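Data block below; observations after.
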Amino acid sequence: MSIPNPLLLLLLFLLFSSQTYAQIRNRTTSNFPWSPSENRILLSNRSVFAAGFLPSSNSTDRFIFSVYYFNTSGSERTVIWSVNGDSPVNRSTSLLITASGELRLGEFPFPGAPTSSNITTQRLELDDNGKLSFGNWSTFSYPTNTIVPFQNITGTTLSVKRGTFLFNGKQLFFTGTYDTQTEYYTSSNGFQRLNNLGMVYQDNGATFITSDYGDDSLRRLTLDNDGNLRIYSLDSNSRQWKVVWQAVAELCRIKGTCGQNSICRYGEDYDSTVCDCPPGFRRSSGTGDEQCRRKVALGRDTKFLQLDYVNFSGGSGQGDEWSIQALNFTMCQSQCLNDSGCLGFGYKYDGQRFCVLVKKLYYGIWSPGTEATFFLRVDQSERDVTNFTGLTSVLETTCPVRVSLPLPPEESKSTTRNIAIISTLFAAELISGVAFFWAFLKKYVKYRDMARTFGLEFLPAGGPKRFSYAELKTATNDFSTTNVVGKGGFGDVYKGVLTDHRIVAVKCLKNVTGGDNEFWAEVTIIARMHHLNLVRLWGFCAEKGQRILVYEYVPNGSLDKFLFHSGKVDYTNDGEDVEESRLLERKPILDWGIRYRIALGVARAIAYLHEECLEWVLHCDIKPENILLGADFCPKISDFGLSKLRKKEDMVSYSRMRGTRGYMAPEWVKSDQITPKADVYSFGMVLLEMVTGVRNFDIQGSKMDSEDWYFPRWAFDKVYKEMNIEDILDNQIKASYDSRTHEEMITRMVKTAIWCLQDRPEMRPSMGKVAKMLEGTVEIIEPKKPTIFFLGDE
């Protein structure tokens, strides 16, 4: 154990002595003036909060007088209020009381001009709620960017970055450089106050709660520098702040995240943003404004570049953007061409005559939730091509693939010579092959063990590529846990990069039955299944007791990450209206059109497995986790054909049923014969979840007891009894529901799902008919009300 430095002991002594001295607030005790060089702080009674000078983040010789949490970990203090946050002072500047009784920090007057001229004692006090008081003045009346529990929010304004972002208790604004306030978040009811349990009271008496509601901990409501309003809670174990609620889920929706002419898109985790320049623009250098500027100025002749998933709102000034009624795309484009100030236009291919002309390229955003395509105006000589693609290909459900064949070679003039060369080479290869085979037979015993090691004696001809275990180990960085992209009943999936730079998904199978012959035979059958909506199998590995499959890598992950969002929901005991508070995973929200195209693509793929393959294939595990989405949101089913590789008891065991709760057909539990209708039942449950946006076992606003509640029966009552399909729609995109555009499509999805969820297999349609029902090519009559098989009809 080392002996403490005497200088360190002296500093600790001075610190504690100054903290004790700072709690004496009588002016006559020489507490004022108070300078940063005195190294003194003012503590609340229970040492929850402190007030004093903190060094600026940019310079240790500049200071900010602040109120902050005293007992949190980390080198940086969590500030809740400051008087000179944007203008740090030097060591010679003091906090003082003027002759007139006014409290000042050098040249900086405190907001509201606090004075003690009307009271007998001049005392600066700090209580355990974080309120700094001086006479009849307090910091709670003049907040900066943070509100603490029990502090009144009504009538106050929070701001950061010299007023660039503002929160007035109900709305978030961006002031920026556009000479106007632009709103990007509005609460249905104004905020009133926050309590220490995680509940926010609102002006109309309603409340909403944070994700950790009920935990008594230190909390704060803060307007952060990125413009988002968040509620933080202090973790009692790590003593670190964690986000338990935030106003804006998609950060690119915050106005001013990127500069003029820029396009905001999301990073890999949807919790970060990247500002890109559109084609025809480049980042300005040396200006310090982080804006994108044109490479080629607009001339007399111009053209348009198509930017899918992109939208520019055009700012909020008069005439920045305006909507027109355009009969078609050509009319919308002509209106922009005829206006020299038009910099681009947004257009929807939905037949609703949506056309928006834009004169200022402000607040650009890339998001799959953007239904319109933006056409950017550039000079005719501009050589850049669009790098924002995807919407056009998503509109086509069939996901077309272009195949081109090479032109036949010209007829050779030296046919005889070529025939002689080919014959000679063939003869040489034949002789070499015979000699090699003879040598192999002579040393059969020596090479037999080697052949078994490499599996050459069982390798089927014409099958998928065979990878070595060492090759896949290198590709996945020794099967590192950081490369795990999925976990399932068949095994873990790792992301890997092959030596030819292809990105692959490596699935390590577990509990595989059968020998090498059976395994390679089944893998060969799976590899020969080709469909646009099936994940492509590229190869396999079978050595050292391992059974590994190598698939194409699907970048956007599984469907469940886009449909279901994690978060804790609670309700008050007295029956007040409580809004749900969820921490969303930063996945974009799928609109109704994309959900329909995903459903139709999955139905066609299952129909292919059931009816079009040379060998009849059952999936046996249809669920959102096994539906992957490509870069253009084209659906691809995974884990098909693997059921034959699993032991029968593993497929129908109780633990297996718990692993996919709610998606298994009644036949599995009743030990009836398993037919393709089991997959039809599972698809129906997934289809219903795509419409509602919730898991099938989450009770949705029903007064029925949980043991009697059944998801398909609830949907049937809403559609056929109450005739109100809007009650079951996903709350995340319910506002975008248009009865004229979406009603027929969503009704087909719900009615088809109810037909698929009949308890008796013979009453369910085949997957081929299910696809036609979704397409609208067959009439959908009213189905029988779905029942829980062990309860029967009501």
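The values are calculated or read from the model by the stated rules, or taken from the named source; none is laboratory data. Keep in mind that this is a model prediction, so the values were computed, not measured. Quick reminder, even Gly has a Cβ in these numbers, built from the backbone with ideal geometry, and neighbours come from all protein chains shown.
Things to note:
- Residues that are assigned to a helix (DSSP H, G or I) and crowded, with 22+ Cβ neighbours inside 10 Å within the stretch 608-622 comprise Y608, L609, listed in sequence order.
- Complete set of residues in the stretch 89-117 that are of a type in the set (V, I, T), closer than 17 Å to S133 by Cβ and without any contact (Cβ under 8 Å) to a residue 40 or more places away in the chain: T115
Table: residues versus (1) touching a residue at least 40 places away in the same chain (Cβ under 8 Å); (2) more than 17 Å from H619 (Cα to Cα); (3) not aromatic (F, W, Y).
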| position | (1), (2), (3) |
| --- | --- |
| G489 | yes, no, yes |
| T499 | no, yes, yes |
| V512 | yes, no, yes |
| C541 | yes, yes, yes |
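- Some residue of the stretch 62-72 being part of a loop (DSSP other than H, G, I, E, B), at pLDDT 80 or above and not assigned by TED's automatic domain parsing to the domain that holds S159: yes
- Number of the condition not met by F150 [criteria: (1) surrounded by 14 or more Cβ atoms within 10 Å (Cβ to Cβ); (2) at positive phi]: (1)
- Residues (assigned to a helix (DSSP H, G or I) and touching a residue at least 24 places away in the same chain (Cβ under 8 Å)) located in the stretch 333-348: Q333, C336, L337
- Hits in the stretch 109-135 - residues which are at pLDDT 85 or above and surrounded by fewer than 18 Cβ atoms within 10 Å (Cβ to Cβ): P111, E125, D127, D128, N129, S133
- Tally, over the stretch 555-591, of residues that are modelled with pLDDT of 90 or more and over 16 Å from the mean Cα position of the chain (by Cα): 0
- Residue check, T144 assigned to a loop (DSSP other than H, G, I, E, B), touching a Gly at 6+ places or on another chain (Cβ under 8 Å), crowded, with 18+ Cβ neighbours inside 10 Å and among the hydroxyl-bearing types (S, T, Y): yes
- Among (1) over 28 Å from K359 (Cα atoms); (2) modelled with pLDDT of 85 or more; (3) not small (G, A, S), the one test that I263 misses: (1)
- Checked against (1) surrounded by fewer than 20 Cβ atoms within 10 Å (Cβ to Cβ); (2) over 43 Å from the mean Cα position of the chain (by Cα), L103 passes all but condition (1).
- Check on I365, touching a helix residue (DSSP H, G or I) at 6+ places or on another chain (Cβ under 9 Å), assigned to a strand (DSSP E or B) and more than 21 Å from G280 (Cβ to Cβ): no
- Those residues of the stretch 160-179 which are part of a strand (DSSP E or B) and crowded, with 18+ Cβ neighbours inside 10 Å, in sequence order: V160, F165, L166, F167, L172, F173, F174
- Residue match in the stretch 84-92 (condition: part of a loop (DSSP other than H, G, I, E, B), small (G, A, S) and surrounded by 12 or more Cβ atoms within 10 Å (Cβ to Cβ)): yes
- All positions within the stretch 151-205 that are among the small types (G, A, S) and out of contact with any Leu (no Cβ under 6 Å at 6 or more places or on another chain): G155, G163, G169, G176, S187, S188, G190, G198, G205
- Flag set for F479, criterion: at pLDDT 90 or above, surrounded by 13 or more Cβ atoms within 10 Å (Cβ to Cβ) and part of a loop (DSSP other than H, G, I, E, B).
- Residue in the stretch 679-696 that is modelled with pLDDT under 85, over 31 Å from the mean Cα position of the chain (by Cα) and in the same structural domain as A605 (by TED's automatic domain parsing) present: no
- Positions within the stretch 752-766 being of a type outside the set (A, V, I, L, M, F, W, C) and either over 18 Å from R597 (Cβ atoms) or outside any helix (DSSP H, G or I) (or both), in sequence order: Q758, D759, R760, P761, E762, R764, P765, S766
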